[in-house]
Amino acid sequence: MPLDEDFPPVASHPKHAGLEEFLYYEAFKELRLPLLPYRRDFSSPEDPGVAVRYRSDLVSALAEEKGFKRIPPAERCALYERGDAGLLLYQHPTAPTFSFSLGCEDPKEMERLARDFEVRTGLKSVVVK
């Protein structure tokens, strides 16, 4: 049976820019973020026409302002670490949509960070339990 029958090219969409990015992204999501007890998720709208009004570069700029250091080598998606907090930015490889997860050890610092990211990005966060 040809591969095209199970995974037709016209119906398939990549989720990451490459295998290396996928592995780093998933490792950070599954190993680092669960260690942080306070977490929030943010997402741009799914509609590409609306999503273009939101900018992922604002997330990266604010992360650096707040003392996060980017962990290489992921290029499109970004992994940020600060010791007491972590941030995982996902950018779709072909669409203008993005999302990010923010985790923190301290609940008051989590509230401050969430508020700052909401104001800067225009996105509302959702508490992750």
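Here, each number is a calculation from the coordinates, and none is a lab measurement. Quick caveat: nothing in here was measured; it's all calculated off a predicted structure. Heads up, the Cβs are rebuilt from the backbone with ideal geometry, glycines too, and the neighbour counts pull from every protein chain shown.
Computed from point charges on the beta carbon alone (+1 for Lys and Arg, -1 for Asp and Glu), the dipole magnitude for the chain about its Cα centre is near 580 Debye.
Panel note: the C-alpha atoms of the chain, placed on their principal axes, show extents of 55, 32, 27 Å (largest first).
Helix-only arithmetic for the chain: the sum of -39500 (n - 2.57) across DSSP H runs with n ≥ 4, divided by the residue total, places the mean residue ellipticity at 222 nm at -9000 deg cm²/dmol.
A Cβ-based charge dipole, computed about the Cα centre of segment 50-100 with Lys and Arg at +1 and Asp and Glu at -1, lands at about 120 debye. Principal axis extents of the Cα atoms in segment 16-63, from largest to smallest and rounded to whole angstrom, are 34, 29, 21.
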